[in-house]
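These notes concern the structure reproduced below.
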Amino acid sequence: MTAVVETRALTVRYSGATALDGVDLTVHDHEMVALIGANGAGKSTLVKALSGLLRPDSGTITVSGRLAQVPEGREMFGDLTVDDNLRLGGWRNGRGGRDTTGVYELLPELAGIRTRRAGALSGGQQQMVAIGRALMARPDILVIDELSLGLAPLIVTTLVGHLRALNTDRGLAVLLIEQNARLALDLCDRAYVLEAGRIALHGRAAALARDPRVAAAYLGGHIEVTS
Amino acid sequence: MRRRLPAVLLLAVLTLLPPLLPERHLATFVLLALAATVTVGVSLLMGYAGQVSLGQASFYAIGAYAAGLLAVHGVPPLLGLLAAPVIAAVAATLLGAPLLRLRGHHLAFATLAVQLILLSLLAQADWAGGAIGLQGIPRFSIGGFELREDLGYAYAAGFVLMIAVLIARNVIESRAGRGMRAAATSETAAAASGVAIGGYRLAVFALSAAFAGLAGGVYAFYLGYLAPGSFPVLLSIEFVVMAVVGGLGTIAGPLVGASVIVLLVQALNTLGTQPGMPGYAPAVLSYAVYAIVLIVCVLYLPKGLVPPIRDRLSVRPATPAPDHV
Amino acid sequence: MSDLIGYLVTGLGIGAGFALVASGLVAIYRVTRVVNFAQGAFAVLAAMLAASLLGAGVPHGLAELGGVTLGALTGLIVGAVAIGRPGTSPGTSLIVTLGLGVLAYAVEILIWGDQPRSYPGVPGVADLAGARLQAHYLLIIAVTAPVFALMAWFFTRTDLGRALSACASNRYAAQVVGIDVRRMGLLAFTIGGALGGLAGVLTTPVQQVTFDSDVALIVNGFAAAVLGGLTRPVIALAGGLLLGVAQTLAAGYGGGAYQVEVALVLMLTVMIVQAARTGPVAETAR
């Protein structure tokens, strides 16, 4: 097992306040890893740092292979069609890497809405476009910031099914940042718990799900938080 | 009292400097003091109401034409001069009521449009001299005493500037002033704390127009001749440059900004009119100065000249400057 | 009747120029959120260079192309100064472009002097359904129409155009997929410069150009663009044509007076109505 993403002592500060404090996190290839934590624990900061949108103040980030991000809030190009959204996902690959047919095979639901404006789609459809757009980058690891937030259970099940298939059939590694801890721990092999910018706990997902501290803080009568 | 020191200093400069200046520099002094008076208003508008006006020269023109037209029709000059700021403020209130719903670049273009409309209307208005201009404005006089020399106008301009500075300082230090500062920094926060932003903003707009109108009145009597061409859009831009260069939201800012720009342009003008220089040199140099000073200032010195200097001298500011342009 | 047709076609020709300036403003604003005050300067510089090249014996077509190229190049330079420094807010960039517009005055007077310039365009008078008008207006329309078609194709059918639209639509998402938004901003400024330049070289034969012609151009362009909230090129086109026709009609039937006021009053009305409808215009120029 080789690491696709590895952070060592990663620290990020926003005008004095420390958002991430010495985070060590590893995702190996073919692995699904969950990152859970409360609002403001530093999850989104970690995503931005991993995607290179934010420069860490200290520590290292090593990404071997290609990383693609499914951003929180899905961040559609609302005025553009679904197909254009997908094509732009392949921007980094140059002209040859912008053929969208492969993504329509992986996510057949998108084929029927390829000419629709992305801004006019339902939340679930947008999340699928966001995943498809990230897949266009031909990633080795997909970083998903909030998969289930604000979505109906049925569509979440569909999305989870797609992720499982991508992981088993194509060996895609996944780092899933998720407020719904139960969902994340069920789906993933390993998990990290982020609290106030630090890794408070990490280990096998199944073991963490049984950990009383996790159960009390994140699983006990889970309340859907839609911010 | 330290708070009064700058005002006393300014008064001393405005009183003692003019007699020491050679005749040919008195004109510069008059125009500088008038420009500074307008800029005090622009700085108040930008720093304390958070709005950019690219049409401040309109109110300068309205004041000048008001005073000039009244004087031409036999109204005593003093009455004309007093009417100038009032008419400019009334015009600003009428225009501001609809226009101040706009923000940012929309307001910038709206004020620019107002000035272009005014210039076009003035050029077509025969009763105001049309495009040729309004001629034969008498010199300023009070009760038979006529202001003939440049020195007199230097004192008049200085007096007008002093009035603008004192009013601006009182406004800034008032409760309303603090409310406006809050509005300039964050409209939502100000609204949440119950500040009547719309009313304050309109009041500042009218006040800044009154300053411009008053300066325009003096200008009319000083020159004795007005034309639409005396108030180009570029003049409005110059006022913005002076305000930005000095530093918004300070009292000293507009004075420093106007002085730096006017003196710099004057120096380059002298250089540009040296024998051997091409005829276009003064225009090229002055445009280049306005442009480069403005660009360098907003990019590298966003608070203007005054706040950094003041911080270096570690004089405690009477009012902290707002943090944005 | 034939008067009316003449005014309409002339108005469309003038309006096409406004539309080109407006679409340049829109191209830049969409991607960078900067209202480019130097937009009129692109037209003036391009027209001045074209006039010089024609005067030096360069044939038509090539001379105008030279002007448009200078417009594009100037656009790139203006963009680099206005948005080149990371962290420059759109409001600051607006003031910077204002400064650059004034700097253009200095350059223009230095090189070309302060006298109005013009050059001959398509010679002669065209007869259109009984209306007689300067043939050059037809050329302006004939060039502008395909330019707009080309832009529509570029922005929706090419990957580079899609990337520009993506920056306009969602800046953050554009960064996420790896688009360099700053570089796209510079590209937008270059396109805006070329469009402004095209407006300048096309309209100079019927409207002579002076160093400070940019004020009228930018105001009319902004008036046309603001109809579509500065983000919709098609409405900017329609707005430009409308303004051109309205001004020509006002000039034709109103005896030449109050022509300038038409565009300005229309612009003020549109902005005030828009602001009243949407509440205080969101602070787009922070």
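The values are calculated or read from the model by the stated rules, or taken from the named source; none is laboratory data. These numbers were taken from a predicted model, which means no experiment stands behind them. Reconstructed Cβ throughout: ideal geometry from the backbone, glycine too, with neighbour counts over all protein chains shown.
Looking at the stretch B:100-152 only, could you name the residues that are free of Cβ contacts under 8 Å to residues at least 60 places away in the same chain, away from every other protein chain (no Cβ under 14 Å) and not small (Gly, Ala, Ser)?
B:Trp127, B:Phe145, B:Glu146, B:Arg148, B:Glu149
Please identify the pairs in which a residue from the stretch A:75-94 that is within 7 Å of chain C (Cβ to nearest Cβ) and of a type outside the set (A, V, I, L, M, F, W, C) has its Cβ atom under 6 Å from the Cβ atom of a residue that is surrounded by 18 or more Cβ atoms within 10 Å (Cβ to Cβ) and part of a helix (DSSP H, G or I), counting only partners at least 6 apart or on another chain.
If the second residue must be surrounded by 18 or more Cβ atoms within 10 Å (Cβ to Cβ) and part of a helix (DSSP H, G or I), the pairs left are A:Glu75/C:Ala173; A:Gly78/A:Ala118; A:Gly78/C:Ser169; A:Asp79/C:Ser169; A:Asp84/C:Arg162; A:Gly89/A:Arg133.
Residue-by-condition table, conditions (1) of a type outside the set (Lys, Arg); (2) buried (at least 18 other Cβ atoms within 10 Å of the Cβ); (3) within 12 Å of chain C (Cβ to nearest Cβ):
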{"residue": "B:Ile237", "(1), (2), (3)": "yes, yes, yes"}
{"residue": "B:Gly249", "(1), (2), (3)": "yes, yes, no"}
{"residue": "B:Gly253", "(1), (2), (3)": "yes, yes, no"}
{"residue": "B:Gly257", "(1), (2), (3)": "yes, yes, no"}
{"residue": "B:Leu263", "(1), (2), (3)": "yes, no, no"}
{"residue": "B:Thr273", "(1), (2), (3)": "yes, no, no"}
{"residue": "B:Gly276", "(1), (2), (3)": "yes, no, no"}
{"residue": "B:Ser286", "(1), (2), (3)": "yes, yes, yes"}
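Give the stretch C:139-159 a look and list any residue that's closer than 20 Å to A:Asp84 by Cα and of a type in the set (Phe, Trp, Tyr), or say none.
The answer is C:Trp153, C:Phe154, C:Phe155.
(1) away from every other protein chain (no Cβ under 12 Å); (2) more than 19 Å from B:Val233 (Cβ to Cβ); (3) small (Gly, Ala, Ser): which one isn't true of B:Ala97, the others all being true?
(1)
Taking the residues in the stretch B:111-147 that are in contact with a strand residue (DSSP E or B) (Cβ under 9 Å, 6 or more places away or on another chain) and part of a loop (DSSP other than H, G, I, E, B) as candidates, determine which candidate is nearest to B:Pro19 (Cα to Cα).
Only one residue tops the list, namely B:Leu147.
Name, by its number, the condition in (1) in contact with a Pro (Cβ under 8 Å, 6 or more places away or on another chain); (2) over 23 Å from B:Gly253 (Cα atoms); (3) at pLDDT 90 or above; (4) not aliphatic (A, V, I, L, M) that does not hold for B:Arg103.
Of everything listed in (1) in contact with a Pro (Cβ under 8 Å, 6 or more places away or on another chain); (2) over 23 Å from B:Gly253 (Cα atoms); (3) at pLDDT 90 or above; (4) not aliphatic (A, V, I, L, M), B:Arg103 misses just condition (3).
Which residue out of A:Leu20, A:Leu25 is within 26 Å of A:Asn180 (Cβ to Cβ), at pLDDT 90 or above and touching a helix residue (DSSP H, G or I) at 6+ places or on another chain (Cβ under 6 Å)?
Working: A:Leu25 fails: touching a helix residue (DSSP H, G or I) at 6+ places or on another chain (Cβ under 6 Å).
Residue meeting the stated conditions: A:Leu20.
List the number of the failed condition for C:Tyr258; all other conditions in (1) on the phi < 0 side of the Ramachandran plot; (2) surrounded by fewer than 22 Cβ atoms within 10 Å (Cβ to Cβ) hold.
The failed condition is (1).
Tell me which helices (runs of 4 or more DSSP H) are completely within the stretch C:174-286 and hold 3 or more residues being over 22 Å from C:Asn36 (Cα atoms) and more than 12 Å from chain B (Cβ to nearest Cβ), or say none if there are none.
On the way: elements: C:181-203, C:214-226, C:233-254, C:259-278.
The helices (runs of 4 or more DSSP H) meeting that bar are C:233-254.
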